[in-house]
Amino acid sequence: MDREPLSGAERRKYLRFAPPLQAEMEVPRKNLLGAVGLKRGVPVRVMDLSEGGAGVFAPEPIEKGTFVRLRIRLEEINDELELTGQVVRVITP
């Protein structure tokens with residue numbers, strides 16, 4: 001995969017790449033079903049990706065602190081990348 005590093009004066013611990021990737025984020029449901037551990041898939045777009053995290057655009061806000069699972073389909077190699085993490089920043093328009 002030929003991905004270009006982001007340009008600019010970013011001073012991050014890890015090099016970030018800007019891949020044009022569609023993905024699905026698994027998040028807890030917001031009702032009683034979420035309280036018993038059931039989750040739902042939200043289609044998202046991965047805006048940037050690094051060893052330390054990912055910038056993801058979601059069609060709805062996902063609360064800071066939420067534990068999520070991100071599934072990225074890698075069409076070029078016919079495989080899937082599955083990542084787990086925690087939302088640390090939420091930017092709303």
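The values are calculated or read from the model by the stated rules, or taken from the named source; none is laboratory data. Predicted model, so just to flag it, every value in this text is computed and none were measured. So basically every Cβ, Gly included, is an ideal-geometry build from the backbone, and we count neighbours across all protein chains shown. Ligands, DNA and RNA are excluded from the accessible area calculation, which covers all protein heavy atoms including side chains. Shrake-Rupley method; radii C 1.70, N 1.55, O 1.52, S 1.80 Å.
Some observations on this one:
- Condition broken by P61, with the remaining ones in (1) in contact with a strand residue (DSSP E or B) (Cβ under 9 Å, 6 or more places away or on another chain); (2) exposed (fewer than 15 other Cβ atoms within 10 Å of the Cβ); (3) farther than 23 Å from K13 by Cα satisfied: (1)
- Candidates in the range 64-86 are the residues that are open to solvent by less than 90 Å² (accessible area, probe 1.4 Å) and farther than 18 Å from M47 by Cα; of these, the one that is nearest to the chain's Cα centre (by Cα) is T66.
- Checked across the range 1-18, the condition of being in contact with a helix residue (DSSP H, G or I) (Cβ under 8 Å, 6 or more places away or on another chain), closer than 15 Å to T84 by Cβ and either at pLDDT below 85 or not in a loop (DSSP other than H, G, I, E, B) (or both) holds for no residue.
- Residues of the range 51-78 that are farther than 14 Å from M25 by Cβ and among the β-branched types (V, I, T): I77 alone.
- A single member of R29, R71 is at pLDDT 80 or above and of a type in the set (D, E, K, R), and it is R71.
- Residues located in the range 32-46, provided they are at pLDDT 65 or above and over 16 Å from the mean Cα position of the chain (by Cα): L38
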